[in-house]
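The values are calculated or read from the model by the stated rules, or taken from the named source; none is laboratory data. What you see is a predicted model, and the numbers here were worked out from it, not measured in a lab. Glycine also receives a Cβ, built like all others from the backbone with ideal geometry; neighbour counts cover every protein chain displayed.
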């Protein structure tokens, strides 16, 4: 049985005290979670050691980072390496988020190097993929997403793939007024799983978790998580309020 995962991406939000209060609120309201369910909290870098301390000894909930550098060390002012994150106790790292691809011009070659660094640090990678509006309107989203996955992950061997989770982001449905339906989510998640199967085989494809990263919230989480190939969510705005994030966690547990 593959893991169900709900991951909180706080992005560049919350002061330290606000982050601590949010984590406490989540912990106070956490439902009972089964062995195959996981919750990941990925705060800004400054929060990481604080969040790790708050989550110490608590099962099924992990600290993640929103990024890592593509090199192990060196003269890269302002950057943080995967080795540093792993040493701090980080267990998950998000790589290839659409905002970093767009705003920081991160291409597939760079992301593949970041994946390697994270895996070398024995961290689990949440690898993001997804298409913008013009790709969706041209109906070439499958080819676009497959290319992102192939260029970012297909250099890995099968054992390494066990430490990869894929997060699909419908960029065209975030902040555009357009809505991605659960049917559209299921369709492309199934295509992603098929793409993995063609490279690594059916067993590997069946075991990889694929998360939905498109404005998931308590009101639509249950419908999304009921889809056969949607294994949880990468959550942005709804992860900044304990009550909303807990609603999404409950939908994962009940799915």
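If you go through the stretch 135-159, how many residues are farther than 27 Å from residue 117 by Cα and either surrounded by 18 or more Cβ atoms within 10 Å (Cβ to Cβ) or touching a residue at least 24 places away in the same chain (Cβ under 8 Å) (or both)?
Adding up the residues that qualify gives 5.
Tally the residues that are part of a helix (DSSP H, G or I) and either within 13 Å of residue 128 (Cα to Cα) or modelled with pLDDT under 95 (or both), restricting the search to the stretch 91-105.
Within the stretch 91-105, residues that are part of a helix (DSSP H, G or I) and either within 13 Å of residue 128 (Cα to Cα) or modelled with pLDDT under 95 (or both) number 5.
I need the full set of residues from the stretch 160-194 which are outside any loop (DSSP other than H, G, I, E, B), closer than 12 Å to residue 214 by Cα and free of Cβ contacts under 8 Å to residues at least 40 places away in the same chain, in order please.
Passing the criteria: only 184.
Only residues that are touching a strand residue (DSSP E or B) at 6+ places or on another chain (Cβ under 6 Å) and assigned to a helix (DSSP H, G or I): list them for the stretch 195-243, please.
Result: 224, 239.
When the residues of the stretch 62-90 are filtered to those that are in a loop (DSSP other than H, G, I, E, B) and touching a strand residue (DSSP E or B) at 6+ places or on another chain (Cβ under 9 Å), which remaining residue is surrounded by the fewest Cβ atoms within 10 Å (Cβ to Cβ)?
Across the stretch 62-90, the extreme among qualifying residues is 89.
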